[in-house]
Amino acid sequence: MTVKITISDLACAACANTIARTIQTAEPDAIVEADVANKVVKIETQQSIEAIEQAIVRAGYTVAEIAAID
């Protein structure tokens, strides 16, 4: 499944890398693409939307919107 997430405090490449590492710690095969300018992250994952959201929040970021796009 592909998930599109708007993260209101995604400010820089370091933030994007932190989120990618957070997701890939739980699922090493996840594909994470970040668009810092638009504050959007797309993730190809087998995890539930809830698990992804919780991981991002635990990493210190604010999820503004989340939706499955597949």
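Miscellaneous remarks
- Paramagnetic label zone (point 7 Å from Cα along Cα-to-C-beta, S48; backbone N under 13 Å) in the range 3-25: none
- The order of the peptides 35-43, 9-17 by mean Cβ neighbours within 10 Å, most packed first, is 35-43, 9-17.
- With every protein chain in place, the chain: carbon and sulfur % of accessible area (1.4 Å): 48 percent
- With all pairs of separate Cα atoms included, the range 4-65 yields a Kirkwood hydrodynamic radius of 11.2 Å.
- Per-residue Karplus couplings for the range 36-46, computed as 6.51 cos²θ - 1.76 cosθ + 1.60 with θ equal to phi - 60°, are listed in order as 4, 4, 9, 6, 10, 10, 10, 10, 8, 8, 9 Hz, Gly and Pro entered as x.
- Charge dipole (debye, nearest 20) of the chain; +1 at Cβ of Lys and Arg, -1 at Cβ of Asp and Glu: 200 debye
- Charge-dipole axis of the chain as Lys and Arg at +1 and Asp and Glu at -1 on Cβ define it, positive-most pick from S8, Q46, A34: S8
The values are calculated or read from the model by the stated rules, or taken from the named source; none is laboratory data. Keep in mind that what you see is a predicted model, and the values were worked out from it rather than measured. Cβ coordinates were reconstructed from backbone atoms using ideal geometry, including for glycine residues, and neighbour counts include every protein chain displayed. Remember, those area values only see protein heavy atoms, side chains included, never the ligands or the DNA or RNA. Shrake-Rupley method; radii C 1.70, N 1.55, O 1.52, S 1.80 Å.
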